[in-house]
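Here is the structure we will look at, set down as C-alpha cells.
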Amino acid sequence: MERCHEPLAGYYRLHARIYDATRWSFLFGRSQLISQAARALAGQGGAAGARVAEVGCGTGHNLRRLARELPTACLTGIDLCPPMLGRAAKAVSGTARPVELVCCAYGPDSLARDSMDLIVFSYALSMFNPGFEAALDAARLHLRPGGLVAVADFCDTPAPWFRSWMGVNHVRMDGHLPPQLDDRFRPVHRDIRPAYGGLWRWFSFIGRK
Ligand SMILES: C[S@@+](CC[C@H](N)C(=O)[O-])C[C@H]1O[C@@H](n2cnc3c(N)ncnc32)[C@H](O)[C@@H]1O
C-alpha cells in the first residue's frame with residue numbers, strides 16, 4: 001500500500017474510527033446519488049456487468065450500496081488513506097462479488113483509459129486541493145465514451161467563518177466544482193440544496209462523457 005499523504009494522514013487516522021458514526025449528519029445525498037447513478041446506468045442498458053469505481057471511497061459506505069444496487073458490477077474503490085481503506089475492506093467483506101480496493105492518490109494511471117462505465121466522487125473532490133481539475137480530467141480519461149460520472153459534494157457557504165472551519169477540515173467550499181463538471185461532462189442530473197437552514201449548500205451531479 002502507498003503511504004497515506006500528509007496532512008490527510010493524521011486527520012483520517014483519527015476520523016476513520018468515528019467516520020461512519022458522524023458523517024450521516026452532514027454528508028447529504030450520498031445514498032440518493034448511488035441510486036440515481038444505478039438507475040441512469042440501467043436506463044442506458046449498461047447495468048449488467050458494469051465497471052464502476054468510487055474515487056475517495058473512504059470507509060466504503062457507497063461501495064456497499066453500489067454492490068447492493070448493481071449486484072453484477074465489477075467494483076473498485078480507490079483511496080489514499082490506509083485507515084479508511086481498512087474500514088472499507090470490512091464494509092464490503094460480505095458483498096456478492098469481491099470489491100477491489102486500491103490505495104493510491106487518484107490520477108491518470110489509476111485505471112485503464114476508456115474502461116469505466118461509472119465513476120463516483122462522493123464528498124471527495126472538495127478535498128482534492130490542489131487536484132480537483134486533474135482528478136476530473138483523469139475521470140474523463142478513464143470513462144468509456146458515454147460513461148457516467150456521479151458526484152455529491154459540498155458546494156458553497158455564505159458564512160466566512162464556516163468556510164474557514166471547513167478549510168481546517170481540508171474541505172474547500174467555494175462553489176468551484178459544479179462549473180468544472182459542466183465543462184467536462186454533459187449533465188443528465190444536476191441539483192443544489194441548502195443544508196442546516198442555508199449554512200451551506202451541497203450539490204449532486206450526474207454527467208455523461
Ligand atoms: C470525506 S471522505 C468521503 C468518503 C466517501 N466517499 C463517502 O462518501 O463517505 C474523502 C475521502 O477522499 C480520500 N482522498 C482525498 N484525496 C484523495 C486523492 N487524491 N486520491 C484518492 N483519495 C483521496 C480521503 O482519504 C477520504 O477517504
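FYI, it's all coordinate maths here, none of it is from the lab. Bear in mind the structure is a predicted one, so any value in this text is a computation, not a measurement. When we count neighbours, we look across all protein chains shown, and the Cβ atoms used for this are built from the backbone with ideal geometry, even at glycine.
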Relative to the compact-globule scaling 2.2 N^0.38 Å, provide the ratio for the alpha-carbon radius of gyration of the chain. 0.95
Would you work out the charge dipole size for the range 42-107 about its Cα centre, treating the Cβ of every Lys and Arg as +1 and the Cβ of every Asp and Glu as -1, and quote it to the nearest 20 debye? 180 debye
Neighbour-count order for 119, 18, fewest beta carbons within 10 angstrom listed first: 18, 119
Size of electric dipole in the range 6-208: Cβ of Lys, Arg +1 and of Asp, Glu -1, about Cα centre, debye, nearest 20: 540 debye
Based on alpha-carbon centroids, what's the gap between the range 132-157 and the range 61-95 in Å, whole number please? 19 Å
Dividing the helical contributions, -39500 (n - 2.57) per DSSP H run of n ≥ 4, by the residues of the chain yields a 222 nm value, nearest 500 deg cm²/dmol, of -11000 deg cm²/dmol
Scanning the chain for chymotrypsin sites (Phe, Trp or Tyr not before Pro) in DSSP loops with at most 16 other Cβ atoms within 10 Å, what's the longest stretch left with none? 27-209
Name the residues whose placed amide hydrogens come within less than 5 Å of the amide hydrogen of residue 51, ignoring near sequence neighbours (fewer than 5 apart) on the same chain. 74, 117, 118
